[in-house]
Structures are given as C-alpha cells and as structure tokens.
1. I'm trying to understand the selection: among the residues of the stretch 55-95, which are more than 23 Å from M105 (Cα to Cα) and under 17 Å from the mean Cα position of the chain (by Cα)?
2. For the structure I just gave you, tell me whether S100 is in contact with a Ser or Thr (Cβ under 6 Å, 6 or more places away or on another chain) and surrounded by 10 or more Cβ atoms within 10 Å (Cβ to Cβ).
3. V21: within 29 Å of T8 (Cβ to Cβ), surrounded by 10 or more Cβ atoms within 10 Å (Cβ to Cβ) and β-branched (V, I, T), yes or no?
4. Inside the stretch 6-18, can you point out the residues that are surrounded by 10 or more Cβ atoms within 10 Å (Cβ to Cβ) and modelled with pLDDT under 75?
5. Can you tell me which residues in the stretch 56-87 are open to solvent by less than 80 Å² (accessible area, probe 1.4 Å), farther than 14 Å from F36 by Cα and in a loop (DSSP other than H, G, I, E, B)?
6. Could you run through the stretch 26-50 and say how many residues are at pLDDT below 85, surrounded by 10 or more Cβ atoms within 10 Å (Cβ to Cβ) and within 26 Å of E89 (Cβ to Cβ)?
7. Collect the residues in the stretch 88-97 that are exposed (fewer than 12 other Cβ atoms within 10 Å of the Cβ) and closer than 10 Å to Y35 by Cα, keeping them in residue-number order.
8. Which pairs do you get when a residue that is assigned by the TED database to the domain that holds G39 and in contact (Cβ under 8 Å) with a residue 40 or more places away in the chain, found in the stretch 78-99, comes within reach of a residue that is open to solvent by 70 Å² or more (accessible area, probe 1.4 Å) and outside any helix (DSSP H, G or I), reach meaning Cβ atoms under 7 angstrom, with the pair 6+ apart or on two chains?
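The values are calculated or read from the model by the stated rules, or taken from the named source; none is laboratory data. Just so you know, these numbers come straight off a predicted model, no measurement behind them. Here the Cβ is made from the backbone with ideal geometry for all residues, glycine too, and neighbour counts use every protein chain on show. Note: areas computed on protein heavy atoms with side chains; ligands, DNA, RNA excluded. Shrake-Rupley method; radii C 1.70, N 1.55, O 1.52, S 1.80 Å.
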Amino acid sequence: LQKSLNETFGADKYSEARKEVLTNMFSRPMQMALYFCTGVLEDETLFRHYALNVPFYTHFTSPIRRYADIIVHRLLSASLGASLPIKMEKEAIQRQADHSNDRKMASKRVQELSADLFFSIFVRVRA
C-alpha cells in the first residue's frame, strides 16, 4: 500500500499531504490491537499477527510507559523462566487486559474528537 501511494502521488508540493491523508484514512478501518490473556482463549488463530503473518505474536513497549506493558514484561519473563511465576489467575489478567483495552479505546476516541474539534475551528476561522 505504501509503495503504491509513493508511486501515485508524484512530487508536487501537495503530494506528501495527500499521501498522509490517504494513509491515515486507509489505516483507520484496520482492527485495533487488543490486549488479552492467552490462557482464556481457546482459539489459537486469535494469537496471530495479520500484517506480519506470524502465528504467535506479543507486543510491548518499555515498561515505564504503560501498566499493560509492565504486565506483559512480567508474564514474558516468567514464561521464559527468568523470574518467578506471576501470582495472578488468568481471569484477573484478562480483567486487567480488558480494562487496558477500554482505556486505550477511550483515549483514541478523545484524540479523534479533539482532531475533529480543532479542524472545525480551523475551517470556521478560515471561512
């Protein structure tokens, strides 16, 4: 997709802006990544990463950024035998994952509404 966009929009002064807008529009319909506890899911096809085409995938960032990433680091460390097992039931881990997903969705929605608001103000001021 990115290669097609690069080839399509040429090199005029607005090409980069058009490409950025369309890339944003194309990526919005993609399913948002969700945290989940593998122990509560029986269907292992849900563990795969569509874009990377790998059957098992986990994602995390620096554990100083988000609590969900701390949990992922701790669980991964325990599963590799580098630390003691986590003393949380899988249902408790799933509840934490659900809460993290809810907060992430709410944050994304606020971000979208904020962008809409500022775009509306921009259009109103320019009209």
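1. Residue satisfying the conditions is F56 alone.
2. Against the criterion (in contact with a Ser or Thr (Cβ under 6 Å, 6 or more places away or on another chain) and surrounded by 10 or more Cβ atoms within 10 Å (Cβ to Cβ)), S100 does not qualify.
3. Working: within 29 Å of T8 (Cβ to Cβ): yes; surrounded by 10 or more Cβ atoms within 10 Å (Cβ to Cβ): yes; β-branched (V, I, T): yes.
Taking the combined requirement at face value, the residue satisfies it.
4. Correct list: N6, T8, F9, G10.
5. Hits for the stretch 56-87 are T61, S62, P63, G81, S83, I86.
6. Residues meeting the conditions: 5.
7. none
8. Q94/F36; A97/F36
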